[in-house]
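The values are calculated or read from the model by the stated rules, or taken from the named source; none is laboratory data. If you're wondering where the values come from, they're calculated on a predicted model, not measured in any experiment. Positions of Cβ are generated from backbone atoms using ideal geometry, with glycine treated the same way; all protein chains shown enter the neighbour counts.
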There are 2 protein chains.
Amino acid sequence: MSPRRVIGIDAGGTKLVGGVVDEGLGVRHRVHRLWRGGDRGEVLDVIVEAVEEARAAAPDAASVGIGIPSLVERETGASMFSTHLPLEGVPFRDLMRERLGLPVYVDNDANVAALAEFRAGAAQGARHVVMLTLGTGIGGGVIVDGRLYRGARGGGAELGHMVIDEDGPPCQGACPNRGCLEAMASGTAIGREGAAAAAREPESALARELREGREITGALVTELAHDGDAAARDVLERVGGHLGVGIANIVNVFEPEVVVVGGGAIAGGDLLLEPARAVVAERALPPSRDLVRIVPAHFGGEAGMVGAALLALDEGGV
Amino acid sequence: MSPRRVIGIDAGGTKLVGGVVDEGLGVRHRVHRLWRGGDRGEVLDVIVEAVEEARAAAPDAASVGIGIPSLVERETGASMFSTHLPLEGVPFRDLMRERLGLPVYVDNDANVAALAEFRAGAAQGARHVVMLTLGTGIGGGVIVDGRLYRGARGGGAELGHMVIDEDGPPCQGACPNRGCLEAMASGTAIGREGAAAAAREPESALARELREGREITGALVTELAHDGDAAARDVLERVGGHLGVGIANIVNVFEPEVVVVGGGAIAGGDLLLEPARAVVAERALPPSRDLVRIVPAHFGGEAGMVGAALLALDEGGV
């Protein structure tokens with residue numbers, strides 16, 4: 001008998017990553033899509049196409065798990081709200097079941113990433129885990145005593161929308177708040193701070209890239225920081241400090257054993273995590289701050305996909 | 001057979017409230033103590049004396065529940081850390097069992113207050129509840145799907161030490177942080193803002209009280225606000241706004257059905273809660289912000305004592 005396989009889809013704020021995942025969490029037949037910036041219909045079409053592409057390669061895949069950047073209603077799998085995709089009020093799970101003719105399981109993208117890191121990644125063995133995914137935005141996932149925390153209906157664990165500076169910069173997308181962790185420590189924030197540093201420091205590599213016409217993104221700042229540009233390193237240190245304030249809050253609020261940091265911006269590695277750890281050591285309450293480990297994600301950019309597959313494997317990928 | 005009774009003690013940051021509590025949550029034989037500002041030994045003596053006083057009135061009381069303003073280790077009932085009493089590293093439960101010769105159950109003071117409001121108070125019927133106690137500091141208690149959330153070892157739910165302004169004023173007691181909700185929205189913060197307003201606005205009733213030699217405390221500001229003093233009302237409105245930023249964070253992080261606000265500072269009532277509700281409506285994410293009710297505590301200053309008694313009644317008051 002061949003091992004049971006499912007399709008995992010991580011439909012993040014800027015791109016989709018999918019694949020066919022077996023019970024040992026081996027991944028094959030990867031699929032990738034960038035959003036074409038479209039409306040609700042186009043976003044749903046892209047997801048369906050991606051599933052169909054994976055399914056063509058693995059017709060035995062018995063069910064589909066999908067992570068979306070939304071507040072997902074636990075009971076119905078509906079997308080109640082999304083800051084980054086036009087998915088507000090979409091009966092997502094039912095709609096996907098109908099279009100795909102397969103069992104479909106849906107949760108928030110950072111929730112499923114947390115599930116992957118908890119079960120088989122950087123937080124294996126811990127029972128109390130918090131995951132932050134640093135990308136365009138910041139997603140949050142919380143494992144409480146071995147189970148995903150979802151809140152009253154499924155909208156909980158939006159850790160990116162925890163304010164750390166009440167008079168800070170406006171948040172992004174459809175979030176009405178300001179000074180959210182997402183506004184201060186996401187990949188987008190790294191890009192914004194990098195652009196400001198480029199303007200301020202004409203001798204920096206950042207400024208040179210800007211003069212050569214490149215857009216200052218979080219990824220570029222991170223690359224230049226690894227290459228040793230002092231201005232870019234300063235940006236990661238500052239942003240890492242904000243991240244540390246957020247993680248200190250998480251330590252005081254949840255007392256986790258492990259905080260896993262993933263998403264594209266974790267490419268900064270210790271250039272981002274070391275300043276964050278220093279701030280947690282300085283600002284969080286003992287003894288919780290001494291208990292917690294702050295570590296990069298094991299599954300990197302595939303945590304969401306693997307976690308989405310786990311959702312399907314868990315919930316009955318018959 | 002007479003109903004089972006236990007002793008409940010709320011040993012808060014500034015004072016102790018205790019009583020004999022029966023299974024119907026009727027309270028008799030209340031005891032009160034103010035800390036004499038002493039060291040560890042004196043604090044422990046005061047607690048023992050208070051229990052003995054209640055016990056003298058109700059010799060049938062079978063066990064004791066105690067809430068303390070500490071991070072309490074779940075397994076051992078030890079006080080791992082306290083911002084407001086000299087109880088760091090005290091094997092509190094074992095020590096009290098030995099001195100009292102009775103079964104003793106211990107938890108964080110705001111945790112037990114949350115338990116009381118959830119079981120029999122303002123949050124009855126809800127499954128996801130957050131409690132904030134606004135006094136000298138701010139305590140937090142979280143009920144997740146009907147159970148107290150404690151974190152990995154018991155140090156979780158320190159919601160007062162969630163930063164909402166990373167460059168804000170230093171926090172209090174032994175907290176090393178700054179801009180914590182406690183530093184911005186506690187009774188102490190109301191007093192501090194009131195003193196600043198008194199200095200700024202010589203025509204205000206606040207300034208008049210100051211000239212007459214009274215200390216500007218949170219309680220005095222609240223009293224003057226109820227009397228209609230505009231400066232005092234402004235203080236409550238501003239502090240209520242900070243409280244709203246903190247509750248918006250709580251809404252995004254936990255998605256509770258009810259947030260209960262208790263502690264001495266809730267004497268401000270809607271003068272404090274209305275500005276908080278307005279900020280939550282403006283800044284928290286839909287639909288979580290539309291689900292949540294933000295209400296004053298039912299048990300007022302006795303929530304901690306009743307909750308401590310519940311702990312004892314639950315966990316085996318023989």
**OP:** Would you point out the residue of segment B:276-288, among those that are surrounded by fewer than 18 Cβ atoms within 10 Å (Cβ to Cβ) and within 9 Å of chain A (Cβ to nearest Cβ), that is modelled with the highest pLDDT?
**Re:** B:GLU282
Subject >> Test result for A:ARG211, of a type in the set (Lys, Arg), surrounded by fewer than 24 Cβ atoms within 10 Å (Cβ to Cβ) and either under 30 Å from B:ARG238 (Cα atoms) or within 10 Å of chain B (Cβ to nearest Cβ) (or both) >> reply: no
Original post:
Which one of A:ASP229, A:ASP270 is at pLDDT 95 or above, surrounded by 19 or more Cβ atoms within 10 Å (Cβ to Cβ) and outside the structural domain of A:LYS15 (by TED's automatic domain parsing)?
Top reply: A:ASP229
**OP:** Considering each residue of segment A:68-106, count those that are among the basic types (Lys, Arg) and out of contact with any strand residue (DSSP E or B) (no Cβ under 9 Å at 6 or more places or on another chain), and give that number.
**Re:** 1
Subject >> Conditions (1) assigned to a loop (DSSP other than H, G, I, E, B); (2) away from every other protein chain (no Cβ under 11 Å); (3) closer than 21 Å to B:LEU272 by Cα: number failed by B:PRO202 >> reply: (3)
Original post:
Would you pick out the residues in segment B:140-181 that are in a strand (DSSP E or B) and either facing chain A (nearest Cβ under 8 Å) or modelled with pLDDT under 95 (or both)?
Top reply: B:GLY140, B:VAL144, B:ARG147, B:LEU148, B:VAL163, B:ASP165, B:ARG178
Original post:
(1) at pLDDT below 95; (2) under 20 Å from B:SER63 (Cβ atoms): which one isn't true of B:LEU291, the others all being true?
Top reply: (2)
**OP:** Could you list, in sequence order, all residues of segment B:238-274 that are in a helix (DSSP H, G or I), within 20 Å of B:ARG289 (Cβ to Cβ) and more than 14 Å from chain A (Cβ to nearest Cβ)?
**Re:** B:ASP270, B:LEU272, B:LEU273, B:GLU274
**OP:** From B:GLY146, B:GLY156, grab the single residue that is outside the structural domain of B:GLY13 (by TED's automatic domain parsing), more than 23 Å from A:ARG283 (Cβ to Cβ) and without any contact (Cβ under 8 Å) to a residue 40 or more places away in the chain.
**Re:** B:GLY146
**OP:** Sort out which residues of segment A:50-106 are touching a residue at least 60 places away in the same chain (Cβ under 8 Å), within 16 Å of A:MET305 (Cα to Cα) and either in a helix (DSSP H, G or I) or not aliphatic (A, V, I, L, M) (or both), and write them in order of number.
**Re:** A:SER63, A:GLY65, A:GLY67, A:PRO69, A:TYR105
